[in-house]
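Okay, structure first, notes after.
The values are calculated or read from the model by the stated rules, or taken from the named source; none is laboratory data. Please read all numbers here as calculations on a predicted model, not as lab measurements. All Cβ positions, glycine included, derive from the backbone under ideal geometry; neighbour counts span all protein chains shown. When the accessible area is computed, the model is the full protein with side chains, heavy atoms only, and any ligands, DNA or RNA have been set aside. Shrake-Rupley method; radii C 1.70, N 1.55, O 1.52, S 1.80 Å.
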Amino acid sequence: MTATLPSETEAVIVPRRGGRRVRPPRRPGLLKFGYWWWALPGILMVLAIHYVATTVGGFFAFTNWTGIGEFDFVGFDNFRKILADPTKIAALGNTLFLAFGSVILSNVAGLGIAIGLNRVMKTRYILRTLFFMPVVLSPLATSYIWKFIFQFDGPVNILLRSVGLGELARPWLADPTWAIWTVLIVVVWQNTGFAMVIYMAGLASVPVEIEEAAAIDGANLWQRFWHITLPSIRPAIAIATTLGLVNGLRIFDQIMALTGGGPANATATLATEMYKQAFSLGNFGYGAALAVLLTVIILFFAVVQQRVGRGRNAED
Amino acid sequence: MFRYTKLSAVREVGFWIAALLYLAPFYFLISMSLKGDQEVVSSSPLALPTAPSLDNFATVLTATGNSNVIVGLVNSVIITAGSIVLMVLVGSLTGYVIARSTRRWSRGVYYLFLIAIVLPTQLGTVPLYIGARSLGLTGTSWGMILLYSGMLMPLAIFLYAGFFRGLGTEYEEAAAIDGASRTQIFFRIVLPLMSPATGTVAILAGLIVWNDFFTSLIFLGGSKSQTLPVAMYYYIGSLVSQWNQIFAIVIISMIPILAFYLFAQKRFIQGFAGGLKG
């Protein structure tokens, strides 16, 4: 079980190398499985909606098209404009901050809950259902609840005032320094259950005998976690962090519901800026350039993350 | 070795307290949605409603125009269901051929889908919008079903291919010997055996489509086919701090998915954990 798990989990992002899988013997001509053209609709849809659209989008990033009429080639002008604009650099910083912050916090919290709920707990399945609940709800809908919680006369400030910390009370989402942290809390709250479920599945594959043997040999809780649990759940860590990072970099819904990018662009991300430029202001070319930047960043981190994960597996 | 001790009981109670704190936002959600307009302003947000009423839900459900919640709900159901059907049909056929084919091209196509899973949709959004607009597909349910299915197709095909690879060829061989045609083999034998895969695809993809806001805002915003999240966004945009109404509409948008989740929570969680592992 443990021997096959890494390769199975890896397969989400890493293409399988040829020849690793032993195919069942076939007698050509005697037995056929479907027709090759059954795959055509699927291939065409993916080609059109993913590859052609992305390529055309990449093309428009080098133009000044406004969405209608003529356009000119402007070379790398759009990208130069992005790099010269402090608000876009700040949006890039916010995107990375929210992506990495949410991945780290929700994975630590998710792993903690998963380990806590592992094994002996009697009500672990009910607790798992409760902690997972925010994951299935729409980010837009849950963000509105948090907007209320963090507003100036909302529950957070009432609690602060009631324990005598009234001077800390502030309009959290309208505060240029604190707004981004508030968004981070909401994102972490929503993603923790997802990380927890991946880790619970990973922990189920940790052999209990080894852990018991280590405990008998005198290994303490931390040693058992560091030397037995953690190495066994590496594939789960790779999956949870990669998916969390890719989704974190695209963050859009929560920002739109909580702050709309404000106050004064303090919580704008690449996705919200791209939406604003391409669809609100009609700068299709410039918006496409922002999208290219976002795509490159996402692919870069997906590949890096995968390299790191694979390097660790090779060591084993 | 790992037995239920007093410490475990303490830990269990601790986790329940943590879980209740974790879900505290839902207390505010429900309590505020039952308050009247006066009480929202006058009472503490922490207090329970003195005279709970469902008036807010009635107000929200009778809204018209851009923020018509009922129309949004119906559109969301149609678009989600349509996307799932198309994804299961096209995805299972493609995944089957790719998993069973020994030809070299099938491996190349498999990589094509794998890369598409990670490829972000943002960059393609602008050209897709222009393309859909020139074909007259923006603002229509059909266009949206096609778009969502295409966007999530790599995931569906990847999941199906993984499941098909784990299925031996014995059933197909037996059916072929009994004289079944290839189409019969697939639709009467292979696809019914794949119901766990179909369940996973339906849950994962259905959830993404149902909750999606970005794509439907761009393609359907302002049209009569707009989905629930977009209708909710416009409705809430027109309200100023009327939290009782805002929360009523938020609850309405959550009920279908929450009911489904609590009813089939095991499948949901397995779908997320198992589906992602292939």
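Positive contributions from Lys and Arg (+1) and negative ones from Asp and Glu (-1), summed over other residues with Cβ under 12 Å from the Cβ of B:Trp16, come out at +2.
Packing order of peptides A:113-121, B:44-52, highest average first: A:113-121, B:44-52 (average count of other Cβ atoms within 10 Å over each peptide's residues). The phi-based Karplus calculation (6.51 cos²θ - 1.76 cosθ + 1.60; θ = phi - 60°) puts the 3J(HN,Hα) values of the range A:278-290 at 6, 10, 8, 9, x, 8, 4, x, 5, x, 5, 4, 4 Hz, whole numbers, x for Gly and Pro. Averaged over the residues of A:146-152, the number of partner chain Cβ atoms lying within 10 Å of the residue Cβ comes to 3. For the range B:180-278, trypsin sites (Lys or Arg not before Pro) meeting the loop criterion (DSSP other than H, G, I, E, B) and having at most 15 other Cβ atoms within 10 Å: B:Lys224. Show log10 I(q)/I(0) for the range B:6-53 at q = 0.22 Å⁻¹, two decimals, from a solvent-free Debye sum over equal Cα scatterers. The calculated log intensity ratios at q = 0.22 Å⁻¹ are -0.73. Only Cα sites of chain B enter the Debye sum here, all with the same form factor; the resulting log10 I(q)/I(0) across q = 0.11 1/Å is -0.82, listed in q order. Take the accessible area of chain B alone and of chain A alone, subtract that of the pair, and you get about 9700 Å² summed over both chains, using a 1.4 Å probe. For the residues of B:109-119, the average number of beta carbons from a partner chain within 10 Å of their own beta carbon is 6.
Apply the a/c threshold of 1.5 to the C-alpha gyration tensor of the range A:182-316 and tell me whether it is rounded, prolate or oblate. Judged from the Cα gyration tensor, the range A:182-316 comes out prolate (a/c at least 1.5, a/b above b/c).
Projected onto planes of every orientation and averaged, the convex hull of the alpha-carbon atoms in the range A:172-236 covers 5.9 nm². Partner shielding of B:19-27 amounts to 5, given as the average count of beta-carbon atoms from other chains within 10 Å of each residue beta-carbon.
Amide H contacts of A:Thr63: A:Val74, each under 5 Å away and 5 or more positions distant or on a separate chain (H built 1.01 Å from N in the peptide plane; Pro and chain starts excluded). In terms of packing, defined here as the mean over residues of other Cβ atoms within 10 angstrom, the peptides A:230-243, A:166-179 line up highest first as A:230-243, A:166-179. With a ≥ b ≥ c taken as the square roots of the eigenvalues of the C-alpha gyration tensor of the range B:35-178, please select rounded if a/c is under 1.5 and otherwise prolate if a/b is larger than b/c or oblate if it is not? Judged from the Cα gyration tensor, the range B:35-178 comes out prolate (a/c at least 1.5, a/b above b/c). Ranking A:Tyr35, B:Gln265, A:Thr267 by how far each Cα lies toward the positive end of the dipole of the protein assembly as shown (charges on Cβ) leaves A:Tyr35 at the top.
In order along the range B:17-29, the Karplus-derived 3J(HN,Hα) couplings, from 6.51 cos²θ - 1.76 cosθ + 1.60 at θ = phi - 60°, round to 5, 4, 5, 5, 5, 4, 9, 3, x, 6, 4, 4, 4 Hz, and Gly and Pro are given as x. The Cα trace of the protein assembly as shown gives Rg and Dmax of 25.2, 82 Å, the first to one decimal, the second as a whole number.
Solvent-free Debye calculation, one equal scatterer per alpha-carbon of chain A: log10 I(q)/I(0) at 0.07, 0.09, 0.11 Å⁻¹ equals -0.40, -0.65, -0.91. When peptides B:201-208, A:72-79 are sorted by average Cβ neighbour count within 10 Å, with the highest value leading, the order is B:201-208, A:72-79.
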